[in-house]
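Heads up, the thing below is written out as structure tokens.
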Amino acid sequence: MIYIDPPYNTGNDFIYDDDFSQSAEEYFSNSGQTDEEGNRLVQNLESNGRFHTNWLNMMYPRLRLAKDLLTDDGVIFISIDDHEVGELRKIVDEIFGGRNFLANLIWQKKYTIANDAKFFSDNHDHIITYCKNIKKFVIGRLPRNDGMNRAYKNPDNHPKGPWKSTPLHAKSGSLSSANFSYTFKNGITFRPPSGTYARYSAETLKMMDENNEIWFGVNGDSIPSRKTFLCDLKCDGIVPHTIITYEEGGHNHEAVQEVKHLLNYNVFNNPKPTKLIKILATIANLESDSIVLDFFSGSATTAHAIMMFNAEHGSDRKFIMIQLPELCSENSEAYKVGYKTICDIGEERIRRAGDKLKEDHPNVKVDIGFRVFKVDSSNMNDVYYKPADYNQEQIDLFAINIKEDRTPEDLLFQVMLDLGIPLSSSIEEEEIIGKKIFVVGKEYTDSEGIVRTHLIACFDDHINDDTVKAIAEKHPAYAVFRDSGMTNDSVATNFEQIFETYSPKTVRKVL
């Protein structure tokens, strides 16, 4: 599942660029839209075609990538308001295909009326919903609530429990079902009312009649109807509907209070409520180990909601939150209490939300751990020069091919990415013959009965044959070392032979 709540392009003084965020003044200056005195040469009015184009140019590549990241049975939810919903539908139709459109959900974000509105009180947002492949997606059903169940009674003490009466006719059907009639064992004959059609066959009605599943009213002489039993409905839940009320999905004020309650200050404008994300997660029909992505993370509501979802359902769904390090305004309450960027707010919210879940669910095993990464340049030195550009002084610089400011953890995560190992894998630090190693992933037994770990990495210096042998004897699937970490050329030469002797199936990698 992917959920995003992108900037709504409301005309505010902020530009969201593909590589960085910048103020409108910087953008207009860089793009030649201001004169030497700083006066704007082009107004970004809604009548200007670029008003929508600039926003759509930002959204389009992200949505193309989102489609590639989704599994075949995955679904994407995109929150948007009335300003861009029409344009957004067009590009998502192009990217995902119109046939994969599922619904335009309407979320009631406010429960009060804004009487100072010029025309209408804006009380809703859209959540346009597309799946990756309409043939693979299976929608989840929402749980029934007490209000729905109150309609079910058991006046005749039926052994199947509470039920409610439902008509035996339908609004559509075949010509034969319009002229249908059936006489029950008590002598009452059923005929669909004019303009309607029989919902069930004679064989089905006979079976219902024999099982006392037809209701003829308190006096036994009313128009017959079917007894629909609550016990037959609980397992399936209810089909999601396109209106999400504030009672079901929360509202803006509730969302603000959620963040304020956790962080003690009102540090984020217009977050989404966790109730809303949990409803979407239910509709997405997530498996217990699914991954949920939000690449406009903001205050990290999605992370909070997925952890709550795990606590309530005993699952292990994972989340990936992506957010530019957008600076908080120096006049904002967030900045005044110590949050320099939006990322800082999101990180702290996840920490505190995790602690609160542990407190609220002491008997449930909830994984509240998360890791924070920042996009950076390669860990490796740039050694790609033309021969004519080299000089003798440079040669010594290339003896160590890793940048000086990089930590062993930096190298470890680079290796995990290179090998396709999930960044959420368990990581333990151990010591072997005085050297620190990273053991990544849980132990498992391979097809030959050998107990292995997924990856062992050692980035210490002065690695000798004994260290290499000790690591090989642990039979990792992958083993990684630094080239400059070998004590001498002899160790580098013996490295492959040691593994061939003690763990020939280990894949070896040297940085």
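The values are calculated or read from the model by the stated rules, or taken from the named source; none is laboratory data. Just so it is clear, the model here is predicted, and its values are computed rather than measured. Here the Cβ positions follow ideal geometry from the backbone for every residue, glycine too, while neighbour counts run over all protein chains shown. Side chains are part of the model used for accessible areas, which takes the heavy atoms of the whole protein and leaves out ligands, DNA and RNA. Shrake-Rupley method; radii C 1.70, N 1.55, O 1.52, S 1.80 Å.
Key figures
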{"read-out": "Where a residue in the range 346-371 is within 29 Å of residue 324 (Cβ to Cβ) and its partner, wherever it lies, is of a type in the set (Asp, Glu) and in a loop (DSSP other than H, G, I, E, B), with Cβ under 8 Å and at least six apart", "value": "367/316"}
{"read-out": "Test result for residue 427, among the β-branched types (Val, Ile, Thr), open to solvent by less than 50 Å² (accessible area, probe 1.4 Å) and either free of Cβ contacts under 8 Å to residues at least 24 places away in the same chain or under 21 Å from residue 402 (Cβ atoms) (or both)", "value": "yes"}
{"read-out": "Lone unmet requirement of (1) in a loop (DSSP other than H, G, I, E, B); (2) within 30 Å of residue 372 (Cα to Cα); (3) within 40 Å of the chain's Cα centre (by Cα); (4) not basic (Lys, Arg) for residue 461", "value": "(3)"}
{"read-out": "Lone qualifier among 263, 276, 286 - being out of contact with any Gly (no Cβ under 7 Å at 6 or more places or on another chain), under 26 Å from residue 74 (Cα atoms) and touching a residue at least 60 places away in the same chain (Cβ under 8 Å)", "value": "286"}
{"read-out": "Residue check, residue 228 under 45 Å from the mean Cα position of the chain (by Cα), touching a residue at least 40 places away in the same chain (Cβ under 8 Å) and more than 30 Å from residue 79 (Cβ to Cβ)", "value": "yes"}
{"read-out": "Where a residue in the range 131-150 is at pLDDT below 90 and its partner, wherever it lies, is part of a helix (DSSP H, G or I) and of a type outside the set (Lys, Arg), with Cβ under 9 Å and at least six apart", "value": "143/282; 144/230; 145/248; 149/230"}
{"read-out": "Within the range 241-258, tally of residues that are assigned to a loop (DSSP other than H, G, I, E, B), on the phi < 0 side of the Ramachandran plot and in contact with a Lys or Arg (Cβ under 7 Å, 6 or more places away or on another chain)", "value": "1"}
{"read-out": "Residue list for the range 415-424, filter: loosely packed, with under 13 Cβ neighbours inside 10 Å and among the small types (Gly, Ala, Ser)", "value": "420"}
{"read-out": "Residues (open to solvent by less than 60 Å² (accessible area, probe 1.4 Å) and either hydrophobic (A, V, I, L, M, F, W, C) or at pLDDT below 95 (or both)) located in the range 103-116", "value": "103, 105, 106, 107, 114"}
{"read-out": "For residue 412: the one exception among (1) open to solvent by less than 50 Å² (accessible area, probe 1.4 Å); (2) more than 30 Å from residue 290 (Cα to Cα); (3) modelled with pLDDT of 95 or more", "value": "(2)"}
{"read-out": "Out of 378, 315, 299, sole residue that is open to solvent by less than 70 Å² (accessible area, probe 1.4 Å), in contact with a Lys or Arg (Cβ under 7 Å, 6 or more places away or on another chain) and either farther than 30 Å from residue 111 by Cα or part of a loop (DSSP other than H, G, I, E, B) (or both)", "value": "299"}
{"read-out": "Flag if residue 30 is open to solvent by 30 Å² or more (accessible area, probe 1.4 Å) and either at pLDDT 90 or above or under 30 Å from residue 107 (Cβ atoms) (or both)", "value": "no"}
{"read-out": "Residues that are open to solvent by less than 10 Å² (accessible area, probe 1.4 Å) and aromatic (Phe, Trp, Tyr), drawn from the range 57-95", "value": "77"}
{"read-out": "Selection within the range 432-460 - open to solvent by 20 Å² or more (accessible area, probe 1.4 Å) and within 13 Å of residue 411 (Cβ to Cβ)", "value": "436, 460"}
{"read-out": "Selection from the range 117-155 of residues that are surrounded by fewer than 11 Cβ atoms within 10 Å (Cβ to Cβ) and either under 17 Å from residue 213 (Cα atoms) or β-branched (Val, Ile, Thr) (or both)", "value": "138, 155"}
